[in-house]
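Participant: Okay, handing you the structure first.
The values are calculated or read from the model by the stated rules, or taken from the named source; none is laboratory data. As the structure is a prediction and not an experimental result, all values here were calculated from the model. When we count neighbours, we look across all protein chains shown, and the Cβ atoms used for this are built from the backbone with ideal geometry, even at glycine.
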Amino acid sequence: MDTNSPAYRSLLDAWTVRGKPIVIWAGSGLSAPSGLPTWPQLQNQLENELKDLISSSNPDTATRRRALLGASRNASSVWKSFEHLEEAFGSSTFQAAITRQLQGALKCTIPKGYTQLWNLGVRGILTLNVDRLALRSFQSSDARDLSMTERSGNDLRELIGSLTDPRRRFVANLHGHLEDPVNWVFTQRKLAALLKRSDYTEFVRDCIKYCIIVLVGVTATDKAVLERFRELRTDHINIGPHFWITSVDDFDALQQAERSGIQVVEYQNRDGTHQEVLEIFHALKQHVPLSEPGTPVAWSFGPDASDASEPIQAPMDLMTQSPNALRNLLNRHACALLISGDSDSSTAFAEFSRTYARPILLASSFEPDSDDANEVLGYKLTDFRKEGGFGKVWHGYDHLGNEVAIKAFRHEVRERPDMLDAFRRGVRSMQYLEKRGISGIVRFLAASEIPPVVVMDWIEGATLHEIVAQGGVSDWREIIDVLSRLAEVVYAAHNAPERVLHRDLRPHNVMIRDYYAEGVHGELVVLDFDLSWHIGAMEKSVYVAGGTAYLAPEQLNSQLDATTRSAAVDSFGFGMTAYYVLSTSDPIINMNLRRDWHETLTNLSARRKCTEWKSLPRMFQRLIKGATEFKQHGRLSFAEIVAEMQTMKQVLDSPETITDLSAIAEELFARTTMLEDYELLDGWPRRDRGTGLTATASQSPSHSGIRIRIRYSQQGNEKYRDLLSAINDLKAMSSPIARSFVEKEEIAVESRDFLATIDLQASDPVELLEAVPAQLDTFLDRVIARLNR
């Protein structure tokens, strides 16, 4: 295995940075160490059984079966082979034959690979196997205390919520599981039916769009795998990165995967044990990301910048030069030294920097009112605008009269190697983003470390911190709109090939261009990506206006066992920025560790009512809490933040398009007065009124609706003689207004407990939410009154 291959290094970095949840797409190869057959092996075993069956068949039957055996052996895919085999055996015998070959799955030793993956923090496993080893391995893994949801390919809708909850894990048995042969997917016909299911398509599409998919033990050229990757690629949706860990020796197959947006991590399975896969998993656990050292930064003067024929004067002789002249002379010579770009040039540049330290210090002087100190990198300073821990920001113009911002860093940046390297890497990050043309990021124009300065577009407007302090971004539509745009900008930077992190995300670094003319609808621009990946070396840059509390715990305490080169750092900054917008107050360091943190968020969200979607404040509260978890691995990934913000935007702008049943159920509870103080349990609302009445929601058996279960447990003072009359109350609740939404209603008495079940069809969420809550309140009132009269 080539540990220096681009795909392998990309996998290590993507796994550690983890801007998205990681989901494994597992094939039979991952289960092979247990002794279970791979799909090709299973096909071969079934063909041998069929051959034996043919020998004992009557002539006409034998002829038909022999033809189907030949068709299986010559089929273009294993799916078609199994279809021929099923026809030859008959459905029942075919199922029995497969069960016989796989029956060891329930008691076999679990392959280490499965357990290692759960221990590495994967969000879930999409498995093509029916052996249920993915679930068995979870139950013995370090993640076993987390909530687990297991579903088959025909029942995936409920798993959609699992993608956005870091405390939940899932197993999607895409082709069914061993104990349920009716829903197996082994044949071309059943595969085609599965691929047409809307819930299957939606779930797999969301996994590919919002997660990092790692294919292990699968044939990536398989239609069941590549179909959705190709679709998103064709739709020009920014997906990935995704990876295929494989020992396949098929150049065309590898190219097909790459064209579908999947990076191939190759290894050679020399001894047939696939030991290299376990070694890769071990490397993923041990990997500590290291940023490449930054390269020296000097301002290029154009074609003649490399002309080193003119020697530079001695340092003391230069001390009589003006700051403007020094900046030009020193940068011209620096560019000449760096022209080759090799290690020798960097060494020569370092020696030059030491020798000319005093002239470089003098070159750091800026005086807008002085003709000999008012220019830098070809830009003219006009006036000073603000000062922070990093240095000063000057307003200026280029030679065409365009406004620019000139950020001059403190000279200390040059004197400390860690800060200088941070500055260099920051400049490189800005160059990456400029190259990728990502919208919503201030445009980078020029930079130099002689003196340390960065020139960017001037943004006329106000920061998010200023806007909120002035009473702006106060209603929910504005809050969700602004923060959704912010999330998308940062997420786009994360998804650039270079995976650029911000690492100083706070309201001070977010601006609305022309805010005082256009309001919050002006262009949102994110500043200070130049500090990405290196806040640890530049802490002073955030010691302003409570800025330190926006930093993740691992940025403030290097002793924590967590890397700062992780997208979870930006998740924390986003969460605290959302807290500021909600509370209008800067956060306090470690306030997320206080006992009353949840209560604080609850009270803040309750203060801002949302008439359009009553549960939206609770959704926003959960986003803040999930994004600001102390432990890095427990935070929402940035992909999850983007998905949550999109959902909140959707419920405000187009609620009729909501298909997430748990979200509809939560809103139903929020609009029902007697249930509005609900809590979420595994993503579904539950209300325990403490007086014997409990209401819970779940997915209905039809998978397209919501089941509301209302249980009234006896308290000792109930009058049960009129209990059955509650049926009339239930039917009254199912009035003509709400009748079209009710699929089923049922009343039962269990151990003298009253139990009502109502199944609601949710194809039209807007009308459902307008019609049902009032009747549900009436029903609950009548039930309680009848049981207690």
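Participant: Could you list, in sequence order, all residues of the range 1-26 that are part of a loop (DSSP other than H, G, I, E, B) and closer than 26 Å to residue 640 by Cα?
Facilitator: Result: 18, 19, 20, 21.
Participant: Kindly indicate which of 203, 186, 170 is among the aromatic types (Phe, Trp, Tyr), under 25 Å from the mean Cα position of the chain (by Cα) and modelled with pLDDT of 90 or more.
Facilitator: 170 is the lone residue from the list that is among the aromatic types (Phe, Trp, Tyr), under 25 Å from the mean Cα position of the chain (by Cα) and modelled with pLDDT of 90 or more.
Participant: Quick one: which of 62, 67, 75, 97 is surrounded by fewer than 16 Cβ atoms within 10 Å (Cβ to Cβ), of a type outside the set (Ser, Thr, Tyr), over 30 Å from residue 632 (Cβ atoms) and touching a helix residue (DSSP H, G or I) at 6+ places or on another chain (Cβ under 8 Å)?
Facilitator: The match here is 62.
Participant: Report whether or not residue 185 is more than 18 Å from residue 42 (Cβ to Cβ), outside the structural domain of residue 85 (by TED's automatic domain parsing) and among the β-branched types (Val, Ile, Thr).
Facilitator: When the stated conditions are applied, residue 185 does not pass them.
Participant: Of (1) surrounded by fewer than 20 Cβ atoms within 10 Å (Cβ to Cβ); (2) at pLDDT 80 or above; (3) of a type in the set (Lys, Arg), residue 233 satisfies all except one. Which?
Facilitator: Going through (1) surrounded by fewer than 20 Cβ atoms within 10 Å (Cβ to Cβ); (2) at pLDDT 80 or above; (3) of a type in the set (Lys, Arg) one by one, residue 233 breaks only (2).
Participant: Identify, please: which residue in the range 301-321 is surrounded by 17 or more Cβ atoms within 10 Å (Cβ to Cβ) and part of a loop (DSSP other than H, G, I, E, B) and is, among those, modelled with the highest pLDDT?
Facilitator: 321
Participant: Quick check on residue 487: is it in a helix (DSSP H, G or I), modelled with pLDDT of 90 or more and crowded, with 20+ Cβ neighbours inside 10 Å?
Facilitator: Yes; evaluated as a whole, the condition is true for this residue.
Participant: Take the residues in the range 437-451 that are of a type outside the set (D, E, K, R) and outside any strand (DSSP E or B), then tell me which one is surrounded by the most Cβ atoms within 10 Å (Cβ to Cβ).
Facilitator: Looking at the filtered set, the residue picked out is 450.
Participant: Being in a loop (DSSP other than H, G, I, E, B), in contact with a helix residue (DSSP H, G or I) (Cβ under 8 Å, 6 or more places away or on another chain), of a type in the set (Asp, Glu) and in contact (Cβ under 8 Å) with a residue 12 or more places away in the chain: is that true of residue 612 here?
Facilitator: yes
Participant: Could you list, ordered by first residue, the pairs with Cβ atoms under 6 Å in which the first is in the range 508-528 and within 12 Å of residue 462 (Cβ to Cβ) and the second is of a type in the set (D, E, K, R), at least 6 apart or interchain?
Facilitator: Short answer, once both residue conditions are applied: 513/523; 520/478; 522/513; 522/514; 524/485; 525/513.
Participant: Could you give me the residue pairs with C-beta distances under 8 Å whose first residue belongs to the range 1-29 and is more than 30 Å from residue 185 (Cβ to Cβ), whose second residue is among the aromatic types (Phe, Trp, Tyr) and in a helix (DSSP H, G or I) wherever it lies, and which are 6+ apart or on separate chains?
Facilitator: Here the result reads 1/8; 2/8; 19/491; 19/638, each pair linking the range 1-29 to a residue that is among the aromatic types (Phe, Trp, Tyr) and in a helix (DSSP H, G or I).
Participant: Restricting to the range 601-627, name every residue that is surrounded by fewer than 18 Cβ atoms within 10 Å (Cβ to Cβ) and not charged (D, E, K, R).
Facilitator: 602, 603, 606, 611
Participant: Further question on the same structure: Is the range 25-37 home to any residue that is surrounded by 14 or more Cβ atoms within 10 Å (Cβ to Cβ), in the same structural domain as residue 189 (by TED's automatic domain parsing) and under 30 Å from residue 490 (Cβ atoms)?
Facilitator: yes
Participant: Name the single residue that is nearest to residue 495 (Cα to Cα) among those in the range 242-266 being of a type in the set (Phe, Trp, Tyr) and in a strand (DSSP E or B).
Facilitator: Here the answer is 243.
Participant: Of these, 606, 639, 665, 670, which one is touching a Lys or Arg at 6+ places or on another chain (Cβ under 6 Å), more than 18 Å from residue 505 (Cβ to Cβ), of a type outside the set (Val, Ile, Thr) and not assigned by TED's automatic domain parsing to the domain that holds residue 157?
Facilitator: 670
Participant: Assuming residue 368 fulfils every condition listed in (1) in contact with a Ser or Thr (Cβ under 6 Å, 6 or more places away or on another chain); (2) of a type outside the set (Gly, Ala, Ser); (3) closer than 28 Å to residue 504 by Cα; (4) free of Cβ contacts under 8 Å to residues at least 60 places away in the same chain apart from one, which condition is it?
Facilitator: That leaves (3) as the condition not met.
Participant: Whether any residue in the range 495-513 is in contact with a strand residue (DSSP E or B) (Cβ under 8 Å, 6 or more places away or on another chain), at pLDDT 95 or above and in a helix (DSSP H, G or I) is what I want to check.
Facilitator: yes
For (1) among the polar types (S, T, N, Q); (2) modelled with pLDDT of 80 or more; (3) within 22 Å of residue 436 (Cβ to Cβ), each residue gets a yes or a no:
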| site | (1), (2), (3) |
| --- | --- |
| 216 | no, yes, no |
| 226 | no, no, no |
| 237 | no, no, yes |
| 244 | no, yes, no |
| 257 | no, yes, no |
| 261 | no, yes, yes |
| 266 | no, yes, no |
| 269 | yes, yes, no |
| 272 | no, no, no |
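Participant: Further question on the same structure: Pick from the range 457-484 the residues that are small (Gly, Ala, Ser) and in a strand (DSSP E or B): which of them is surrounded by the most Cβ atoms within 10 Å (Cβ to Cβ)?
Facilitator: Selected residue: 462.
Participant: Something else now. Within the range 211-229, does at least one residue satisfy the condition of being in contact (Cβ under 8 Å) with a residue 60 or more places away in the chain, small (Gly, Ala, Ser) and either farther than 30 Å from residue 89 by Cα or in a helix (DSSP H, G or I) (or both)?
Facilitator: Yes: the range 211-229 contains one or more residues that are in contact (Cβ under 8 Å) with a residue 60 or more places away in the chain, small (Gly, Ala, Ser) and either farther than 30 Å from residue 89 by Cα or in a helix (DSSP H, G or I) (or both).
Participant: So residue 434 clears everything in (1) in contact with a Pro (Cβ under 8 Å, 6 or more places away or on another chain); (2) in a helix (DSSP H, G or I) except one condition, right? Which one?
Facilitator: (1)
Participant: I'd like the full set of residues that are touching a Ser or Thr at 6+ places or on another chain (Cβ under 6 Å) and assigned to a loop (DSSP other than H, G, I, E, B), limited to the range 27-42.
Facilitator: 38
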